[in-house]
Amino acid sequence: MNPKIILLYYTFDSFENNPNGIAILKNFNRKYTFDPKDSEIYNLKFRPLFFSDDYHKLESHNNPIYDLLFIGTAHSDRYIISEKASIWCLKNKLKSFAFYYSPSRIVFLFFKLFDSSFKKFNYNKISFFSLKHEQIIELYKQSKVVLDINHPNQIGLTMRVFEALGSGKKIITTNVDIKRYPFYNENNIYIIDRNNIEFNYDFFNLKFEEIDEKVYEKMFISGWLKELFFDDFSFNWLQK
């Protein structure tokens, strides 16, 4: 009925985690992915994620309650890494807050039985109800640094990275590939090795440095929409 329609495809999951999208790629005119590795393998255009209006230069409380914040779905080694971060914060007299979410008790118990990373998971710390958007915003306002733990099978940056930086929060991340992005700044971003975790106390005392305005606007949802719908590829997202 619409022979001239332009079909767009965008994925914010890696094909290694979820290969279902591969079979339908042939149906689309323009195809995008947030994962640079999948971009090369499947000949897709690379476009990172974004942050929405609510995170745009978010005003924070003058005296944040938490030094380190983690919010995320329970998977892979997230619990182990986050708990190590919490213990380190406690030893260094820093306050941390972690929220672990699972969409299903059955799914969680399945992984608890068969996934070695989940065997250490404290059942009492898991929530089967997600936080409301307003609750997440409030937690951001109350925190200094956000912890980001990417899935081991993907190198594309999570939404949490963009939400944190977009709101003016520093991040600690397991994703070393973040060094290739134009907004990378050692003052704002601290990288940890998930297999050999070490934190830096001084990082928590560094003031957030503003991101270049041109780059910041590209990270914003309006920049994401312009790039997808108007096919604007004048911006170089990755450094070699």
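The values are calculated or read from the model by the stated rules, or taken from the named source; none is laboratory data. On a predicted model such as this, the values are computed, not experimentally measured, just so you know. So basically every Cβ, Gly included, is an ideal-geometry build from the backbone, and we count neighbours across all protein chains shown. SASA here: full protein model, heavy atoms, side chains in, ligands and nucleic acids out. Shrake-Rupley method; radii C 1.70, N 1.55, O 1.52, S 1.80 Å.
Scan region 24-40 for residues that are of a type in the set (A, V, I, L, M, F, W, C) and either open to solvent by less than 50 Å² (accessible area, probe 1.4 Å) or in a loop (DSSP other than H, G, I, E, B) (or both) and jot them down. Walk me through it before giving the result.
Narrowing region 24-40 to residues of a type in the set (A, V, I, L, M, F, W, C): 24-25, 28, 34.
Correct list: Leu25, Phe28, Phe34.
I'd like the full set of residues that are assigned to a loop (DSSP other than H, G, I, E, B) and open to solvent by 50 Å² or more (accessible area, probe 1.4 Å), limited to region 183-205.
Tyr184, Glu186, Asn195, Glu198, Asn200
Can you name the condition, by its number, that Gly21 falls short on among (1) free of Cβ contacts under 8 Å to residues at least 40 places away in the same chain; (2) open to solvent by 20 Å² or more (accessible area, probe 1.4 Å); (3) among the small types (Gly, Ala, Ser)?
(2)
Right, Asn62: free of Cβ contacts under 8 Å to residues at least 12 places away in the same chain, open to solvent by 50 Å² or more (accessible area, probe 1.4 Å), at negative phi and assigned to a loop (DSSP other than H, G, I, E, B) or not?
Yes: the conditions hold for Asn62.
Restricting to region 206-240, and then to whatever is open to solvent by 90 Å² or more (accessible area, probe 1.4 Å) and among the hydrophobic types (A, V, I, L, M, F, W, C), can you tell me which residue is nearest to Phe12 (Cα to Cα)?
Phe229
For the condition assigned to a helix (DSSP H, G or I) and not hydrophobic (A, V, I, L, M, F, W, C), what is the one hit in Asn20, Asn43?
Asn20
Pairs, please: C-beta under 6 Å, at least 6 apart or cross-chain, first residue of a type in the set (Ser, Thr, Tyr) and in region 176-188, second in a helix (DSSP H, G or I)?
Once the first residue is of a type in the set (Ser, Thr, Tyr) and sits in region 176-188, its partners that are in a helix (DSSP H, G or I) give Tyr184/Ile178.
Taking region 193-223 only, how many residues are within 24 Å of Asn153 (Cα to Cα) and touching a residue at least 24 places away in the same chain (Cβ under 8 Å)?
So the count comes out to 4.
Report, by residue number, each residue of region 47-59 that is at pLDDT 95 or above, open to solvent by 10 Å² or more (accessible area, probe 1.4 Å) and farther than 30 Å from Lys125 by Cα.
The answer is none; no residue qualifies.
Sort out which residues of region 123-167 are over 19 Å from the mean Cα position of the chain (by Cα) and open to solvent by 60 Å² or more (accessible area, probe 1.4 Å), and write them in order of number.
Tyr123, Asn124, Lys125, Phe129, listed by residue number.
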